[in-house]
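The structure appears below as structure tokens.
The values are calculated or read from the model by the stated rules, or taken from the named source; none is laboratory data. None of these values were measured; they are calculated from a predicted model. Methodologically, a virtual Cβ is constructed for each residue, glycine included, from the backbone with ideal geometry; neighbour enumeration extends over all protein chains shown. Heads up: the accessible areas ignore ligands, DNA and RNA and are worked out on the full protein's heavy atoms, side chains in. Shrake-Rupley method; radii C 1.70, N 1.55, O 1.52, S 1.80 Å.
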Amino acid sequence: MSEIETHTIAVVVDNEPGVLARVIGLFSGRGYNIESLTVSEIDEEQSISRITVVTSGTPMVIEQIKAQLERLVPVHYVSDLTLEGSHVERELALIKVRNSGGNRVEALRIADTFRARTLDSTLESFVFEVTGSVKKIDAFIDLMQALGETEVCRTGVVAIMRGEKVASTN
Amino acid sequence: MTTAEKTQTAKTPETAPKTAPKTAPKTATETAPDMTAPATQQMTGAEMVLKALADQDVEVVFGYPGGAVLPIYDALFKQNQVRHVLVRHEQGAVHSAEGYARSCGKVGVVLVTSGPGATNAVTGLTDALMDSIPVVCLTGQVPTHLIGNDAFQEADTTGITRPCTKHNYLVKRIEDLPRVMHEAFIVASTGRPGPVVVDLPKDILFAVGAYVGPEQIKMKSYRPQVEPVPDAIDQAVELLRHAKRPIIYSGGGVINAGPHASELLTKLVRTTGFPCTNTLMGLGAMPASDPHFLGMLGMHGTYEANLAMYNCDVMLNVGARFDDRVTGNLKEFSPNSKKIHIDIDPSSINKNVKVDLPIVADAGNALQAILDRWNHKKCAPDGAALSAWWKQIDAWKAKKCLSFDQQGDVIKPQYAIQRLYELTKDRDDVFITTEVGQHQMWAAQHFHFEKPNRWMTSGGLGTMGYGLPAAIGVQMAHRDALVIDIAGEASILMNIQEMSTAVQYRLPVKVFILNNQWMGMVRQWQELIHGGRYSESYTEALPDFVKLAEGFHGVGLRATNVNELDDVILKMIETDAPVIADICVDEKENCFPMIPSGAPHYQMLLGPDDQADKPQSEEGMVLV
């Protein structure tokens with residue numbers, strides 16, 4: 001068997017009702033993985049949304065996923081950022097940590113190292129906002145969990161190509 | 001891209017319904033929407049639906065009324081351009097539309113109500129999706145302000161049909177309605193064809209807005225690739241001209257590309273001298289009488305076709321999708337060949353089988369390009385290698401894998417189909433539909449097709465109950481043709497109610513039942529992999545099909561003895577009314593040759609004796 005690869009794919013679609021259901025239904029109906037999925041409108045006038053999906057599978061499955069996505073009527077184009085080459089990926093997370101005493105000082109110190117912003121603080125809790133790669137956020141959450149009771153909310157990955165190249169039909 | 005064959009779709013004569021004549025008040029016609037009015041005309045949603053259908057050149061709609069679509073039925077009543085066929089079950093409406101579409105190349109149109117109307121249509125829609133048949137299905141919906149309230153006859157139609165349509169729409173604003181109607185026809189009929197649902201809330205049908213004609217529609221996304229990349233064509237021709245053991249394997253994509261594509265396929269086969277096999281969906285693309293034709297391939301295909309696939313060195317797949325029924329065991333599928341795959345749908349390429357040369361294009365365009373290139377370069381096949389290859393193929397043919405033993409009085413099912421073919425082959429107007437099971441495979445093996453669009457069968461989904469409503473659709477498109485549904489006694493009962501439709505519209509469809517009292521294919525598999533434990537595959541208390549036909553005001557015939565067969569077939573053909581011919585055949589006959597699930601092409605079972613020698617693999621048993 002071929003090796004399983006993880007790909008980050010940008011799907012640019014008409015922002016019409018049901019379009020996200022079509023994309024998600026395709027993944028569940030055909031048994032593909034979704035590791036992360038984000039979606040938001042990127043052009044209000046034209047009503048266009050961009051979906052960033054991180055998925056995994058053999059090269060043949062990845063090809064299938066892209067071909068199946070491209071076949072959906074409201075899809076304008078599908079761009080495999082992993083295949084296109086160098087790109088940046090970022091995720092944003094909000095992390096609430098409930099603790100007291102020395103752990104609070106430690107939490108602030110670590111937040112500073114991770115360049116996390118403190119959005120809210122009480123005597124018993126902090127809410128941090130941290131942005132970065134998936135790995136960085138994983139690491140930050142791991143550390144916070146060691147310092148108290150946590151609640152986590154993550155956006156999922158957004159990605160864009162480096163350099164002057166823009167995503168378009170492959 | 002489907003190209004409707006205009007010559008085949010000559011306007012069919014208007015038929016008066018046998019019962020319930022229209023009792024239209026005189027004023028009804030006077031309020032009819034003016035079809036010649038300028039494109040910006042104001043009208044109600046229901047009138048727009050009818051106007052759009054007329055502008056899309058729709059002649060017939062298969063449907064069933066209900067509360068949510070009453071405004072459309074009212075608009076239908078007030079015009080004469082679009083005819084309506086009242087089916088007896090919404091599944092039948094979709095299969096009829098499929099039969100219509102497949103036999104004439106136009107989009108089949110369905111009109112059903114909300115809730116159960118829409119859910120009953122789901123099997124037909126899935127069938128059309130699997131077999132790439134262009135269908136537009138209009139479904140009623142509860143008014144927009146009630147959507148989501150569990151209103152009477154409400155169903156989440158777009159949610160339910162999303163995975164079983166090529167695309168679907170819920171129209172929530174009257175401004176969107178004309179555009180959506182026209183887009184539905186574009187999406188259904190272009191690229192890889194398929195079913196499109198347009199869900200129409202009742203308040204939208206009453207709302208008034210400006211109609212927009214089809215010429216003003218431009219889709220924002222959706223651009224199917226229909227022209228092949230020239231470089232790929234060059235590479236394909238290079239592979240083909242140097243092939244020593246070539247095979248051309250074509251499928252439903254060639255049929256969908258229009259009759260011209262089938263002509264081009266035949267031309268390519270004859271120019272190159274290569275052997276050609278068709279899938280179940282592709283039968284008729286290559287004339288069966290042509291010496292280059294090896295018959296159907298796949299699970300119940302011919303020995304020669306399957307072994308040619310296994311042993312070839314260059315395979316040209318035109319508009320087929322390497323379905324599991326064709327490939328058998330994927331690991332051992334045609335292991336030593338270079339594969340060229342022409343398909344209009346990029347997602348069909350490299351899905352099951354990794355190919356060496358993908359060509360995304362309409363089958364007709366790609367075949368034309370290959371032929372042009374072949375002729376331009378004055379290519380000739382490798383003559384010596386090709387004749388050695390044909391010698392090998394002829395040796396496989398000599399096995400006579402489709403032979404059967406008609407002895408005694410009991411009618412062999414294969415013999416019944418052979419006689420049906422022999423007694424109809426001189427006619428130019430024979431259309432065959434089937435249900436699903438053994439009879440379907442026997443029909444594919446023993447009925448031979450010289451032209452495309454003459455063979456309508458549920459290939460991908462395998463829908464029992466497909467054949468009779470499909471035959472009704474075919475007969476609507478070809479009023480004077482001989483339309484025969486080759487059926488099994490189990491399948492036919494799944495949509496038998498459509499006999500009533502056939503009688504109402506005086507559609508003289510023939511139902512030719514190979515009655516063996518068993519769900520034959522189920523029984524055959526139980527014999528093959530479940531130790532002959534015939535769990536629930538025998539139908540007790542079957543109806544008397546002759547009386548059943550008569551009960552529907554049709555004609556019933558029966559043959560129980562081989563001597564009666566020809567007479568019954570001739571009588572059936574002669575009868576100008578819906579007929580059910582109950583052909584009582586050998587109960588125990590099984591369908592061979594057969595490649596059991598999970599087996600490679602070279603492990604074909606040629607007959608019942610062969611079966612005992614080759615125990616089934618466990619891997620194969622879990623497959624369907």
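Quick notes
- Only Lys, Arg (+1) and Asp, Glu (-1) charged, at Cβ; chain B dipole about Cα centre in debye: 1260
- Which of A:L143, B:L542, B:L70, B:L468 is most accessible, then next, and so on - probe 1.4 Å: B:L70, A:L143, B:L542, B:L468
- Across the options A:Q145, A:S168, A:T118, the greatest Cα extent toward the positive end of the charge dipole of the stretch A:115-170 (unit charges at beta carbon of Lys, Arg, Asp, Glu) belongs to A:S168.
- At least 30 Å² accessible surface lost relative to isolated chain, residues of the stretch A:13-29 (1.4 Å probe): A:D14, A:R22
- Considering the stretch B:224-277, its Cα convex hull presents a mean projected area of 4.2 nm².
- Excluding ligands, DNA and RNA, the accessible surface per residue across the stretch A:5-84 is 40 Å² with a 1.4 Å probe.
- Gyration tensor over the Cα atoms of the stretch B:169-222: the corresponding equivalent ellipsoid has semi-axes (square roots of 5 times the eigenvalues, largest first) of 21, 13, 8 Å.
- Cross-link reach list, lysines versus B:K267, counting only Cα pairs under 20 Å and skipping chain neighbours closer than eight places: B:K244, B:K377, B:K378, B:K451
- The long axis of helix B:520-529 is offset from the longest Cα principal axis of chain B by roughly 50 degrees.
- Percent carbon-and-sulfur accessible area, chain B, ignoring ligands, DNA and RNA, probe 1.4 Å: 53
- Once divided by 2.2 N^0.38 Å, the Cα radius of gyration of the protein assembly as shown becomes 1.06.
- Backbone amide hydrogens, once placed in the peptide plane, bring B:N516 within less than 5 Å of B:E489, B:V585, excluding anything fewer than 5 places away on its chain.
- Total accessible area lost when B and A pair, probe 1.4 Å, Å² to nearest 100: 1400
- The GluC sites (Glu not before Pro) found in the stretch A:1-59 that occupy coil by DSSP, while having at most 15 further C-beta atoms within 10 Å, are A:E3, A:E35, A:E44, A:E45.
- Between helix B:413-424 and chain B: long-axis angle, C-alpha atoms, 0 to 90°, nearest 10: 70
- Model label points for A:A146 and A:E41, set 7 angstrom from Cα along the Cα-to-Cβ axis, are 4.4 nm apart.
- Since only A:V157, A:S100, A:T82 are under comparison, the one whose Cα sits farthest along the positive direction of the charge dipole of the stretch A:60-159, derived from C-beta charges on Lys, Arg, Asp and Glu, is A:S100.
- Threshold 50 Å² - residues in the stretch B:196-235 whose accessible area is reduced by that much or more when the chain is no longer isolated, probe 1.4 Å: B:K220, B:S221
- Sites listed here are GluC sites (Glu not before Pro) in the stretch B:514-576 whose DSSP assignment is loop and whose Cβ has at most 10 other Cβ atoms within 10 Å: B:E536, B:E540.
- Angle in degrees between helix B:116-130 and the longest Cα principal axis of chain B, rounded to the nearest 10: 40
- For the stretch A:88-158, a simple Cβ point-charge model (Lys and Arg +1, Asp and Glu -1, everything else neutral) yields a dipole of about 160 debye relative to the Cα centre.
- Cα centroid of the stretch A:31-58 to Cα centroid of the stretch B:379-405, whole Å: 52
- Cβ-placed point charges (K, R +1; D, E -1), dipole of the stretch B:289-350 about Cα centre in debye, nearest 20: 140
- Solvent-accessible area, 1.4 Å probe, carbon plus sulfur percent, for the stretch A:5-84: 47
- Label sites at B:H553 and A:I4, each approximated as a point 7 angstrom past Cα along Cα to Cβ, lie 6.3 nm apart.
- Percent antiparallel among DSSP beta bridges (both partners in chain B, rounded to 5): 5
- Placing a label point 7 Å from the Cα of B:V624 along the Cα-to-Cβ direction, the residues of the stretch B:138-167 whose backbone N falls under 15 Å from that point are B:164.
- Projecting the Cα atoms of B:V509, B:P230, B:I472 onto the dipole axis of chain B, where Lys and Arg carry +1 and Asp and Glu carry -1 at the beta carbon, places B:P230 farthest toward the positive end.
- Taking each residue as 0.36 nm, the span from B:D480 to B:D566 lengthens on full extension beyond its C-alpha to C-alpha distance by 28.7 nm.
- Area accessible to solvent at B:I417, 1.4 Å probe radius, in Å²: 0
- Taking the Cα atoms of the stretch B:576-624, the ratio Rg/Rh between the radius of gyration and the Kirkwood radius comes to 1.22.
- With a Förster radius of 56 Å applied to the C-beta separation of B:D426 and A:R90, the computed FRET efficiency comes to 0.15.
- Taking all Cα-Cα distances within the stretch A:88-158, those exceeding 21 Å account for 16%.
- Per residue, the stretch B:99-175 exposes 32 Å² of solvent-accessible protein surface, assessed with a 1.4 angstrom probe and all protein chains in place.
- Ligands, DNA and RNA left out, the accessible area of the stretch A:88-158 computed with a 1.4 Å probe is 51% carbon and sulfur.
- Calculated over the stretch B:295-387: convex hull of Cα atoms, volume per residue (Å³): 109
- Kirkwood Rh in Å, taken over all unlike Cα pairs in chain A: 17.8
- Ordering B:T539, A:T155 by accessible surface, largest first, gives A:T155, B:T539; the 1.4 Å probe counts only protein heavy atoms, with every chain in place.
- The antiparallel fraction among DSSP beta bridges confined to the protein assembly as shown stands at about 45%.
- Each label was represented as a point 7 Å from its Cα along the Cα-to-Cβ direction; for B:A541 and B:S617 these points are 4.3 nm apart.
- Taken as Cα centroids, the stretch B:320-364 and the stretch B:549-567 sit 44 Å apart, rounded to the nearest whole angstrom.
- Centre-to-centre separation between the Cα atoms of the stretch B:407-440 and those of the stretch B:168-215: 42 Å.
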